[in-house]
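No value in this document is a laboratory result; all are computed from the given coordinates. Values in this document were obtained by computation on a predicted structure and should not be read as measured data. Backbone-built Cβ (ideal geometry, glycine too); neighbour counts: all protein chains shown.
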């Protein structure tokens, strides 16, 4: 794959969608209808309205030096109600993709970036293996419509974040807390969907030329030592649980071997799965890396005293970036850095972050060529 300088857009974050499970989730209220899902009551609305202002945004992407554009195809836009295809949305996506290419950008399409139709959510979404076929119907539609114009496809963005946030922490739809066993079953079904979507795309006209991958967020969790042995043990146990349920190495192991071993609490909630094809098919892999998380005993992100702290209470940690690149390289597939960044509204840390992270990428290039 050629070197690409990428700008990333997730459609829901930049345009909203009233037919998605996310829109329904943020509109829910809790505790006898007194508490909003989002603490300050914010909703996405139209956000920056990329859906209608894509020509301006894509020109800006070109002008800052990008040569590729990673974007999400929203299932809920194409099929807002089960079996009902929105032809206006299909036409708009054709316009967006044409505009991407007119600006000299290589399109990279993500099929699932946390968002799907509310009707799919009501059917159990990825909690049920029998729903894999519904996802594949959507993949078939998307590739049939847009396949001739797009070479690079991503099946899922950050499947580990989707399961961790939706089923362990409750901060994503469906908002379930500590459902560790269910999270493992959802992750298994996502991996089945990836494998079957890859095979489906390759079987379609022109599919042999498609490059199909998956994007994984690698974010190590570390325990900040306390003064008492019980707190030290507690911190380490929490960090180990988060590392496992985030899927850091669990997902990489599956992509490398075809074996999914989900053991968040020993035998409790355990899920084991072997891909029938052996190692799952994969043409490339995307790495999303921002930082590591240092946890105190309250499960609160923090930093060490010698580190500078971002707005999300994370540090600049290029060592973790280097380590992630080294682990991804073991898959023996081309590695894209699909996301990175720092939460720094004051811009005081951004230059230092950029220098440190680009240096880490430069060092890692020796084993990712």
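Restricting things to Cα coordinates, could you compute the convex hull volume per residue of segment 165-269 in Å³?
120 Å³
Could you order the peptides 71-83, 259-271 from most to least packed, using the average number of other C-beta atoms within 10 Å per residue?
Ranked from most to least packed, the peptides come out as 71-83, 259-271.
Quick one: grab the alpha carbon gyration tensor of segment 29-144, order the square roots of its eigenvalues as a ≥ b ≥ c, and give me rounded if a/c is under 1.5, else prolate or oblate depending on whether a/b is larger than b/c.
It comes out oblate by the Cα gyration axes.
Quick check on the exposure proxy: order 345, 128 from fewest to most C-beta atoms within 10 angstrom.
345, 128
Express the relative contact order of segment 6-367 as a whole percentage, based on alpha carbon pairs under 8 Å and six or more residues apart in sequence.
Reported as a whole number, the value is 12 percent.
Summing -39500 (n - 2.57) over the DSSP H runs of n ≥ 4 in the chain and dividing by its residue number, what mean residue ellipticity at 222 nm do you reach, to the nearest 500 deg cm²/dmol?
-12500 deg cm²/dmol
Points 7 angstrom from Cα along the Cβ direction at residue 208 and residue 67: gap in nanometres?
The modelled label-to-label distance comes out at 2.8 nm.
Which number comes out as Rg/Rh for segment 320-369 once both Rg and the Kirkwood Rh are worked out on C-alpha atoms?
With Rg and the Kirkwood Rh in hand, the quotient comes to 1.04.
Rounded to the nearest 0.05, what FRET efficiency do residue 265 and residue 39 give with R0 = 41 Å and r taken as the Cβ-Cβ distance? Could you check?
Plugging the Cβ-Cβ distance into 1/(1 + (r/R0)^6) gives 0.90.
Classify segment 238-369 from the C-alpha gyration tensor, please: rounded if a/c falls under 1.5, else prolate or oblate depending on whether a/b exceeds b/c.
oblate
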